[in-house]
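The values are calculated or read from the model by the stated rules, or taken from the named source; none is laboratory data. All figures in this text were calculated on a predicted structure; none of them were measured in a lab. So basically every Cβ, Gly included, is an ideal-geometry build from the backbone, and we count neighbours across all protein chains shown. Each accessible area value is taken on the protein alone, full model and side chains, heavy atoms only, with ligands, DNA and RNA left out. Shrake-Rupley method; radii C 1.70, N 1.55, O 1.52, S 1.80 Å.
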Amino acid sequence: MAGEDCVRKRQSGSTAPCKTPENEEAQRRPESDRSFQNSSNGRVDVDHMITRKMQLIAEAEQLKPAFMKEVDSHFTEFVNSLVAKSALLDSSSPASLFPASCSEKELHKAKNSRAPPEHGKIFTARRSLLDELFEVSHIRTIYHMFIALLIVFILSTLLVDFIDEGRLVLGFDLLVFVFGKFPVVFCTWLCMFSATVVIPYNLFVWWAQGYCSSSHRVIHSFFYGMLFTLFQIAGLGFGPTYVAVSYALPPASRFIVILEQVRLVMKAHSFIRENVPRVLSSVKDKSSTVPIPRISQYLYFLFAPTLIYRDNYPRNPTIRWGYVATKFAQVLGSLFYAYYIFVRLCIPQFHNISQETFNLRGLVLCIFNSILPGVLILFLVFFAFLHCWLNAFAEMLRFADRMFYKDWWNSTSYANYYRTWNVVVHDWLYYYAYRDFLWFFGKKFRAAAMLSVFTVSAAVHEYVLSICFGFFYPVLFCLFTCFGVVFNFTLNDRRKGPIWNVIMWTSLFLGQGVIICLYSQEWYARLYCPTENPTFLDYLKPRSWSCHTKM
């Protein structure tokens, strides 16, 4: 044994050191550790311990970026592989569609054939991104900074009103005005919703039940398709628009009616689009049963925060009513936030705009002065609607898939921004506009499909603003179809550096400034420069360009 050998060497007077495990371990230790243990007079060298600790912290800080970058790269590869595998599952390979005995000509024909896009969005239980980010104290501090800014707006308004009026003015005349005539809004929404519950569902049921036994299936389908199209155009299209215009609803009330109109049109289309192929497939397979969804499933879909119909969605086991109350409180707080932004930043700037001569210098100053309120309104719309409102309804319905948006703020291209800003609407456009276009015309027309989607989206956005503001001023349409298309092809997904994120945010800031400036100028121009007996062309011509001549 090593201990006995050491004793013998000592007895024989040998001066060679004993190679015990303890000595070998001591020899292998770094010089710094041995000096730490064997400090002067056996006392612990505190300075050395602190120095060593600081060295370890510095080494850890140097390793942290490389570690996070490595984890991020592996995670990105993992997610991309999952997406690729799910895409492969969506479309079967030609070899699985045909037996091994098929000829090469048939396989080639199968590869070139267009499979109908039956497989679409896959819903899974997941939280909203902001709910996860708010668990990080640094991100929560940014949220607190916005609350502090709201408090500053409130104090500014109260102090200015107290100085001007000699008393505290707590009226919210602007909110009362923009949300006026609420009984008309509620009755209109109730009629729209009831019609959407009854008419599309019954039309589909009657078509599905009669399609199997019909000897003229094309005529049968054409008849019910025309009835459904008539309901979409006249019932949901013309009716709410007529009410909003004829009753002269204020802007926010018009927004409620028109946005609900667009939402119900998209929901009804999704219900028919998802269920018609199932009936056709069952008839082709000569199935004894016709797959008709229950009315309860359709009713749940009309309230669910998604525009893609499914018979069943992933559901949470319980409802957190405290979470629901918090989200609705945040929506209410966002409304007051927008109120103070308009009162302190927008109305003082545009109140006397019609008295000034329209010139390039004034337009440039107006755009840059409108960037701050425009960006704040953009953040509020995102937070209040896409996060709070949709999450509140998802929680009440136990709807588990909360991916209503992605990290659009990290986008380095407009292509990625359009995909991540509003996932709910993007999914509808992707599956029912873009993919159906490619299914009908072939995959060679991807650019045409993309341009058609941009045009439809821009037209719907401009339609909403035109009805809600009461005038046609295609600023947003031009930004969408001109700059949006150009940026989509130039700032594409190949741009990955941080400089492209800066460019994206800069152009987004300028776009918000242009929108707030030009629409506000036109609003006040039509308010201060009304025309007697206006014709249809008067609603189309921008009045802000010539309003100053009538003052």
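Do we have any residue at all in region 189-211 that's among the aliphatic types (A, V, I, L, M), open to solvent by less than 90 Å² (accessible area, probe 1.4 Å), more than 20 Å from ILE272 (Cβ to Cβ) and part of a helix (DSSP H, G or I)?
Looking through region 189-211, at least one residue is among the aliphatic types (A, V, I, L, M), open to solvent by less than 90 Å² (accessible area, probe 1.4 Å), more than 20 Å from ILE272 (Cβ to Cβ) and part of a helix (DSSP H, G or I).
Out of ALA325, ALA329, ALA248, I need the residue that is modelled with pLDDT under 90 and either under 21 Å from ILE199 (Cβ atoms) or open to solvent by 30 Å² or more (accessible area, probe 1.4 Å) (or both). Which one?
Exactly one residue qualifies, and that residue is ALA248.
Considering ALA248, ALA234, ALA268, which residue is farther than 22 Å from LEU307 by Cβ and either touching a Gly at 6+ places or on another chain (Cβ under 8 Å) or not polar (S, T, N, Q) (or both)?
Answer to the check: ALA248.
State which residue is surrounded by the most Cβ atoms within 10 Å (Cβ to Cβ) when the search covers only region 125-173 and only residues that are in a helix (DSSP H, G or I), of a type in the set (D, E, K, R) and modelled with pLDDT under 85.
Among them, the one singled out is ASP161.
Inside region 392-422, can you point out the residues that are under 20 Å from SER452 (Cβ atoms) and of a type in the set (A, V, I, L, M)?
The one that is under 20 Å from SER452 (Cβ atoms) and of a type in the set (A, V, I, L, M): ALA415.
Got a sec? Which of TYR463, TYR539 is within 22 Å of TYR434 (Cβ to Cβ) and open to solvent by 40 Å² or more (accessible area, probe 1.4 Å)?
Criteria check complete, one pass: TYR463.
Please specify each residue of region 408-419 satisfying the condition of being at pLDDT 90 or above and touching a helix residue (DSSP H, G or I) at 6+ places or on another chain (Cβ under 6 Å).
The answer is TRP408, and nothing else.
Quick check on this structure: which one of ALA449, ALA458 is crowded, with 18+ Cβ neighbours inside 10 Å and closer than 26 Å to LEU376 by Cα?
ALA458
Might you check whether a residue that is more than 20 Å from PHE301 (Cα to Cα), open to solvent by 60 Å² or more (accessible area, probe 1.4 Å), at pLDDT 90 or above and in a helix (DSSP H, G or I) occurs anywhere in region 235-243?
Yes, that holds for at least one residue.
Could you list, in sequence order, all residues of region 383-408 that are open to solvent by 10 Å² or more (accessible area, probe 1.4 Å) and in a helix (DSSP H, G or I)?
PHE383, ALA384, PHE385, TRP389, LEU390, PHE393, MET396
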